[in-house]
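Report on the following structure.
The values are calculated or read from the model by the stated rules, or taken from the named source; none is laboratory data. Owing to the predicted nature of the structure, the values given are computational and were not obtained by experimental measurement. Here Cβ is always computed from backbone atoms with ideal geometry, including for glycine, and neighbour counts include all displayed protein chains. All accessible areas refer to the heavy atoms of the entire protein, side chains included, with ligands and DNA or RNA removed. Shrake-Rupley method; radii C 1.70, N 1.55, O 1.52, S 1.80 Å.
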There are 2 protein chains.
Amino acid sequence: MSISNDAAVVSFYGGLGEIGANMCAIEVDGKAVLVDVGLTFPDAEHHGIDLILPDWKDLIERGPEIVGVVITHGHEDHMGALPFFLRDFPGIKVYSAKLTLGLLEAKLVEHPDARVELIEVEPGEKVAIDDFELEFIQVTHSIPDGMAVAVHTPHGTILHTGDFRLDQTPIDGRVTDLPHLAQLGDQGISLLLCDSTNADVPGHVPSERTVGNTLRTVFESARGRVVMTTFASHVHRVQQAIDAATAMGRKVCFVGRSMVRNMPIARELGYLRYDDADIIDIADCDRYSPARILIICTGSQGEPYAALSLMAAGQHKHVKLTEGDTVVMASSQIPGNEAAISRALNGLMRQGAEVVHRREHGVHVSGHAAAEELKFFHNIVRPAAVVPVHGEFRHLIAHAQLAVATGTPADQVFVCTDGDRVVLRDGRVERGDGFNSGRVFVDGLGVGDVGNAVLRDRERLSSEGVCVAVLRLDSRFRLDGEPEIMQQGLIYEAENAHLLDQAAKVLGDDVRSLGSSNEDVVRRKVYESLSRFWREQLGRKPVVVPVLMEV
Amino acid sequence: MSISNDAAVVSFYGGLGEIGANMCAIEVDGKAVLVDVGLTFPDAEHHGIDLILPDWKDLIERGPEIVGVVITHGHEDHMGALPFFLRDFPGIKVYSAKLTLGLLEAKLVEHPDARVELIEVEPGEKVAIDDFELEFIQVTHSIPDGMAVAVHTPHGTILHTGDFRLDQTPIDGRVTDLPHLAQLGDQGISLLLCDSTNADVPGHVPSERTVGNTLRTVFESARGRVVMTTFASHVHRVQQAIDAATAMGRKVCFVGRSMVRNMPIARELGYLRYDDADIIDIADCDRYSPARILIICTGSQGEPYAALSLMAAGQHKHVKLTEGDTVVMASSQIPGNEAAISRALNGLMRQGAEVVHRREHGVHVSGHAAAEELKFFHNIVRPAAVVPVHGEFRHLIAHAQLAVATGTPADQVFVCTDGDRVVLRDGRVERGDGFNSGRVFVDGLGVGDVGNAVLRDRERLSSEGVCVAVLRLDSRFRLDGEPEIMQQGLIYEAENAHLLDQAAKVLGDDVRSLGSSNEDVVRRKVYESLSRFWREQLGRKPVVVPVLMEV
């Protein structure tokens, strides 16, 4: 089924009304270009879930031909779901910049069955695919090689910004290409899909260079080892740390799987510079005096088994922190991770380390344009219509207000969420029919087999535990002997075994009172009897599992 | 056993190295005065736990006579554990200010068996108890009637600040009594136990009055209803909201259990002023135009069933938000609640409400003195020794640095955590022997019966679910028939029933291969076989519960 005759249709699969899992499709006449196929990470409520993917069932069911996927940059929330997407759409063409493809290839090593055609493109380049022409525009972000993409269609030009910021003095000199964007604006942007992550943050974001200045100051005053944590994709921050450290005679050591994996890739592709002589192995750290060491490690979000958390717990194999050591948290706190990060901070201080972490210390700046910068952007691009993307509802609302403030007519600014579509026809945008969207959970090896019903079970198991009742029944479902009760996560059995005996007795009496019966009646009685027992005894509501055995 | 001959000994039961559950004891010659008996609230990792108490087993085991408990103010983290404490120490004397006792009495209604003697004291008052003299000092905090307490002992004076801030223009004119503190300083403070909550926040905290100015501005520009959420104990913030609202003709409506309970108490005791004519019942709201309504409600932390969250989900019985309504979040984000608060914000915006929440909008100020203010405090009190209290490790460390910076000798500044003791003898403080401390969990009706072992079970149940295997065995433990497999929270059964059949078959083959055996061997085989099966099939590790039935 084609939804796109005589129009360009944009469908939002992820990243609108949520942070992460960014993915959208632009379709014309049954052919689709996708922008980003990202994933997101589970919250505390996603018991046991490893990863969360956008739900692209709509694409499978409707079956437009996917003629190309653009990955705007190498962050997980923009490309992380691609290996899973390739299971449903093998062999598709993926367009991206050099570093992004390098990181993607390293990722695909873990998915040996994935079939994909990777096509490297550069900012300024144009690629014609069927009725589409893709035009790539250089943008600055917290990872090198970010690109926006203008998708020229027969119905108008749709500009997707990817993630971007407007740092006017970026480390690699690679500014967001405002002249190019101005030119596109002159030609006319029919629809702008624009990053909203910081739309409700007032003012401007300081240049990444300011972080370099801070790092130099901190490193200089540090007496012992310096440990710096940041995202393993933040090549420029790592570059600034390396430069500051080596200038004052510190050797640099990468610690943590993704840091060790990514930095050589970035270097090989020309995005990171360092002398081999300045890099040492973690096992050799002890051969240098503490004042000559910088460790750059993973774990900025307090992830339980990442390098920094192990150091905070005094359990890292190679790095035992002591008084005189300095830890620099050169990263943001991703919402939801605050408690874990706080735990890490306290642990690091208990080890005796001095910790530099507060935003006012200037060891982190955001990779997304803030409100005042977005106004510049809108006034340069001058879009006819706007859909804010990449953000929770509150960010999208704030961004919509900025779009209206800078001159886009209010009826051409659309706050959309996942599962919405907009239609570009005759130079005007309108809302299309929505589709079923959602989130697909990856749990261990299973993709999509754990849904909300299973999570609800896990939630209840997690807060109350489980109580298993085994009953022997005769052919008329009368109880034979006493029930056996087992539990997990409900009580501490060593001290409360008598409660299990009592529960068995109460349940036995209740079931016996039924006389002749049937399976459903007995099962209901077990639920009722044990639920009441635990509620009265402890005020708890365990998951009750009746096991009925005919003897 | 007395630990306090010829010395005053301070034992820390809670609130050092953590936020909340504040409690400490000051002992001389086998008699103890306690300062605060607070509780704390569970994190995401405390599956199903309702409340967390300090562990006072040390007091029970050693058995000093508890001659008095001082409650510094009416927040849960300072008095919330008292009803539980009274089960172990019935009939003790509790000293506190009028409002604090009022709130405590309202709380004790839910604990009809609690026996306690409540004694009202005023700032400036001195109370002699055995070898102690308690002297109460007026302090400002985010609830009225806060007090610090100087405990004069034969070995020197110990000043405990409780929670405080240094607002120089508080709403009730009741400033922290610096002249009184200066006088105590003149007489000599041997040991200061001082609030550290904001010790790592630079600068000063703005006056509570600045929030009132902001509220007036926001209320004035609001077209429709205004909903304000704050803590139900923040009487001054509520007062400012009422004053701003009624001045412009809005009626005020309290929503949420604790708001409805506390405000009349505060008023009756003289801490809150309003005209009955200005207060309306929630059921009558619809009789007024939206521009004439202010709703003051609970739920500032995004608590699932609080008033604000129900409004955000469109499920509040009486309040359906619409475009034109304004919601003001006049509260802090307690660490760990960020995700829940963010969910509430997004929900409120989806209902169409405008939400005023960011710190820079000035709708909240903290109730704890920040770093520069603490320096004032130390220089006025001039303590000979300092133990920072009330804070995570990082706050305590930051506060210790402030204490040293303002002149307390570094060897008389002690960073202690729960389970530590300090000893004041001959005008000097030293560390004493620690004791076993910890946290006691309240889960439903049970106090202390859920420990870390049960939480570990719940953690595993929550992330992987449970798999129950029922096996019929003959007298030599040989399998009779096929096993039955049940699960909760592991898979979505409707789509994966075949996996349960496969698991039963694999398990049956494995157990049959044992031949004659014994119970332990069969049990181990069930664990091993099912763990392997689910790992291989799904990469998951459910809790396995074997049910062995002799037939």
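On the stretch given as the range A:102-134, residues that are open to solvent by less than 20 Å² (accessible area, probe 1.4 Å) and under 30 Å from A:Ser4 (Cα atoms) total 4. So A:Lys320 clears everything in (1) open to solvent by 60 Å² or more (accessible area, probe 1.4 Å); (2) part of a loop (DSSP other than H, G, I, E, B); (3) under 21 Å from A:Glu220 (Cα atoms) except one condition, right? Which one? Every condition holds for A:Lys320 apart from (3). Across the range A:10-20, not a single residue is classified as touching a Gly at 6+ places or on another chain (Cβ under 6 Å) and more than 14 Å from every other protein chain (Cβ to nearest Cβ). The set of residues in the range B:255-291 being touching a helix residue (DSSP H, G or I) at 6+ places or on another chain (Cβ under 7 Å), part of a helix (DSSP H, G or I) and free of Cβ contacts under 8 Å to residues at least 40 places away in the same chain consists of B:Met263, B:Asp278. What about B:Val227, is it over 22 Å from the mean Cα position of the chain (by Cα), in contact (Cβ under 8 Å) with a residue 40 or more places away in the chain and closer than 23 Å to B:Ser366 by Cβ? Yes, satisfied. Scanning the range A:170-181 for residues that are in contact with an Asp or Glu (Cβ under 8 Å, 6 or more places away or on another chain) and either at pLDDT below 95 or of a type in the set (A, V, I, L, M, F, W, C) (or both) yields A:Ile171, A:Val175. Figure legend. Inter-residue proximity from the range A:331-343: first residues at positive phi, second residues acidic (Asp, Glu), beta-carbon distance below 8 Å, spacing 6+ or different chains. Indicated pairs: A:Gly336/A:Asp43; A:Gly336/B:Glu338. In this structure, is A:Leu294 in a strand (DSSP E or B), more than 30 Å from A:Asp43 (Cβ to Cβ) and either touching a helix residue (DSSP H, G or I) at 6+ places or on another chain (Cβ under 6 Å) or modelled with pLDDT of 95 or more (or both)? Answer is yes for this residue.
Residues that are out of contact with any Leu (no Cβ under 6 Å at 6 or more places or on another chain) and either free of Cβ contacts under 8 Å to residues at least 40 places away in the same chain or at positive phi (or both) within the range A:509-524 comprise A:Asp509, A:Asp510, A:Ser513, A:Leu514, A:Gly515, A:Asp520, A:Arg523, A:Arg524, listed in sequence order.
Name every residue in the range A:404-422 that is of a type in the set (A, V, I, L, M, F, W, C) and without any contact (Cβ under 8 Å) to a residue 60 or more places away in the chain, in order of residue number. Matches in the range A:404-422: A:Val404, A:Ala405, A:Ala410, A:Val413, A:Phe414, A:Val415. Residues considered: A:Leu374, A:Leu308. Of these, the only one that is open to solvent by less than 10 Å² (accessible area, probe 1.4 Å), under 24 Å from A:Val139 (Cα atoms) and touching a residue at least 40 places away in the same chain (Cβ under 8 Å) is A:Leu374. State whether one or more residues within the range A:501-520 are buried (at least 18 other Cβ atoms within 10 Å of the Cβ), out of contact with any strand residue (DSSP E or B) (no Cβ under 9 Å at 6 or more places or on another chain) and at pLDDT 90 or above. Yes: the range A:501-520 contains one or more residues that are buried (at least 18 other Cβ atoms within 10 Å of the Cβ), out of contact with any strand residue (DSSP E or B) (no Cβ under 9 Å at 6 or more places or on another chain) and at pLDDT 90 or above. Assess whether A:Ile137 counts as being assigned to a strand (DSSP E or B), open to solvent by less than 50 Å² (accessible area, probe 1.4 Å) and assigned by TED's automatic domain parsing to the domain that holds A:Val423. Yes. Evaluating B:Val218 against the criteria (1) open to solvent by less than 50 Å² (accessible area, probe 1.4 Å); (2) touching a residue at least 40 places away in the same chain (Cβ under 8 Å); (3) over 27 Å from B:Asp286 (Cβ atoms) leaves one unmet condition, (3). Pull up the range B:324-338, narrow it to residues that are of a type in the set (Val, Ile, Thr) and out of contact with any Leu (no Cβ under 8 Å at 6 or more places or on another chain), then point me to the one that is nearest to B:Leu308 (Cα to Cα). Taking the candidates together, the pick is B:Thr326.
B:Val422 falls short of the stated requirement of being assigned by TED's automatic domain parsing to the domain that holds B:Val37, open to solvent by 50 Å² or more (accessible area, probe 1.4 Å), modelled with pLDDT of 95 or more and in contact with a strand residue (DSSP E or B) (Cβ under 6 Å, 6 or more places away or on another chain).
Here's the yes/no breakdown for (1) in contact with a Lys or Arg (Cβ under 6 Å, 6 or more places away or on another chain); (2) part of a helix (DSSP H, G or I); (3) more than 14 Å from every other protein chain (Cβ to nearest Cβ):
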| site | (1), (2), (3) |
| --- | --- |
| A:Met486 | no, no, no |
| A:Ala503 | no, yes, yes |
| A:Asp509 | no, yes, yes |
| A:Gly515 | no, no, yes |
| A:Arg524 | no, yes, yes |
| A:Phe533 | no, yes, no |
| A:Val545 | no, no, no |
| A:Met549 | yes, no, no |
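For the structure I just gave you, tell me whether A:Ser300 is buried (at least 24 other Cβ atoms within 10 Å of the Cβ) and either in contact with a Cys (Cβ under 8 Å, 6 or more places away or on another chain) or assigned to a loop (DSSP other than H, G, I, E, B) (or both). Yes, satisfied.
Taking the range A:28-96 and the strands (runs of 3 or more DSSP E) fully enclosed by it, the elements with 3 or more residues that are farther than 24 Å from A:Glu135 by Cα are at A:51-54. Once the range B:16-38 is narrowed to residues that are under 13 Å from the mean Cα position of the chain (by Cα) and free of Cβ contacts under 8 Å to residues at least 60 places away in the same chain, the residue that is nearest to B:Ser96 (Cα to Cα) is B:Val37. Assigned to a helix (DSSP H, G or I), touching a residue at least 60 places away in the same chain (Cβ under 8 Å), within 14 Å of another protein chain (Cβ to nearest Cβ) and open to solvent by 40 Å² or more (accessible area, probe 1.4 Å): is that true of B:Glu495 in this structure? Taking the combined requirement at face value, the residue does not satisfy it.
Scanning the range B:170-191 for residues that are within 28 Å of the chain's Cα centre (by Cα), open to solvent by 40 Å² or more (accessible area, probe 1.4 Å) and charged (D, E, K, R) yields B:Asp172, B:Asp177. Considering only residues of the range B:434-447 that are in contact (Cβ under 8 Å) with a residue 24 or more places away in the chain and not in a strand (DSSP E or B), which is farthest from the other protein chains (Cβ to nearest Cβ)? Residue satisfying both the conditions and the ranking: B:Phe435. Within the range B:465-484, being within 14 Å of chain A (Cβ to nearest Cβ) and either β-branched (Val, Ile, Thr) or not in a strand (DSSP E or B) (or both) holds for B:Gly465, B:Val466, B:Val468, B:Val470, B:Asp474, B:Asp480, B:Gly481, B:Glu482, B:Pro483.
The single residue among A:Asp443, A:Asp449 that is surrounded by 23 or more Cβ atoms within 10 Å (Cβ to Cβ), over 30 Å from A:Trp534 (Cα atoms) and modelled with pLDDT under 95 turns out to be A:Asp443.
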